[in-house]
Amino acid sequence: AVTALTPKDLAGEHLLVTAGPTQEEIDPVRFVSNHSSGKMGYAIARAARRRGAEVTLVSGPTCLDAPWGVETVRVASAVEMRAAVMAALPAATVVIKAAAVADYRPVVRAAGKIKKNADSLVIELEKNPDILAELGGIKGDRLLVGFAAETADLLENARKKLVAKNVDMMVANDVSLEGAGFHGDTNIARLLYRDGASEELPLMTKDDMAALILGRVAELRKKTG
Ligand code: CTP
Ligand code: CA
């Protein structure tokens, strides 16, 4: 059977995985969000469970079913995602931040539906907390994996984020490439490491990429204890 072939190389680990977009409400019927499907993070959560890890998945709104055997916490906004991540953090040994957190939220959420009375409308946005950067400051012995979505200067931008957010491994995606990014079942990425090394991965399914990422996670955990 398939399970017999799955390495249990994450037994004893507790993975905290985030997935999906966040939604930032404008009024009771509208929000600001992005194109994240959640597929990459869910693939990682499923695969981690199969490899023997305990898994907590903090998910923004997606169409996906909660993976079997995974404690799934559903949230909507970045502020809610931050609270759920911080609540799950003490138990975690590895954190993988695949979520596409909205960078900004409306300053004001209108109590009632905004009517189309005006000819133009300006919605002021303010910055959301950067959950990954905050984790980088308090991670302790945990292994921290970030994702970087770029449309230009992939390596340079992803490397900057790796350093600034103090992550151990960065999965860098050029989301403008055919076969990469949000909606599909495939992805193209580069893995960047703290020591400056990088690994270019070919186009593969999100399930295969999840397996590959978790293989690297298991190796890094063995190295660092
Ligand atoms: N991230 C986060 N909280 C935010 C924004 C991003 O935790 N408010 C995390 C994402 O989950 C991802 C990583 O930071 O793992 C990089 O996200 P990305 O959008 O690529 O980078 P940003 O730092 O937001 O910079 P920019 O969008 O300007 O490129
Ligand atoms: Ca961002």
Taking θ as phi - 60°, what are the ³J(HN,Hα) couplings along the range 207-219 by the Karplus curve (6.51, -1.76, 1.60), each to the nearest whole Hz, with x for Gly and Pro? 5, 5, 5, 4, 4, 5, 4, 5, x, 5, 4, 4, 5
Heavy-atom accessible area of Lys97, protein chains in place, probe 1.4 angstrom, given in Å² to nearest 10, is 10
Counting only residues 5 or more places away or on other chains, whose amide H sits under 5 Å from the amide H of Thr186 once H atoms are built in the peptide plane? Lys206
Once you list every other residue whose beta carbon is under 9 Å from the beta carbon of Val167, what net charge do they have if Lys and Arg are +1 and Asp and Glu are -1? +4
Which whole-Hz couplings ³J(HN,Hα) result when phi for each residue of the range 184-201 is put into the Karplus expression 6.51 cos²θ - 1.76 cosθ + 1.60, θ = phi - 60°, listed in order with x for Gly and Pro? x, 9, 10, 8, 10, 8, 10, 9, 10, 10, 4, 6, x, 5, 9, 10, 8, 9
Given a 1.4 Å probe and the protein chains all in place, what does the accessible area of Lys115 round to, in Å² to the nearest 10? 130
Given a Förster distance of 30 Å, report the FRET efficiency between Thr186 and Lys160 from their Cβ-Cβ distance, rounded to the nearest 0.05. 0.70
Which FRET efficiency, nearest 0.05, do Lys115 and Ser176 yield, Cβ-Cβ r, R0 30 Å? 0.20
What is the chain by shape, rounded, prolate or oblate, if you read a ≥ b ≥ c off the alpha carbon gyration tensor as root eigenvalues and call it rounded for a/c under 1.5, prolate for a/b larger than b/c, and oblate otherwise? prolate
For the range 154-170, just list the computed ³J(HN,Hα) in residue order, Karplus coefficients 6.51, -1.76 and 1.60, θ = phi - 60°, integers in Hz, with x standing in for Gly and Pro. 3, 5, 4, 5, 5, 4, 4, 5, 4, 6, 4, 9, 6, 9, 8, 8, 10
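Can you give the local net charge around Ala43? Use residues other than it whose beta-carbon is closer than 13 angstrom to its beta-carbon, Lys and Arg +1, Asp and Glu -1.
My count for the surroundings of Ala43 gives +2.
The values are calculated or read from the model by the stated rules, or taken from the named source; none is laboratory data. These numbers were taken from a predicted model, which means no experiment stands behind them. Here Cβ is always computed from backbone atoms with ideal geometry, including for glycine, and neighbour counts include all displayed protein chains. The protein model used for the area step is the full one, side chains on, heavy atoms only, and it has no ligands, DNA or RNA in it. Shrake-Rupley method; radii C 1.70, N 1.55, O 1.52, S 1.80 Å.
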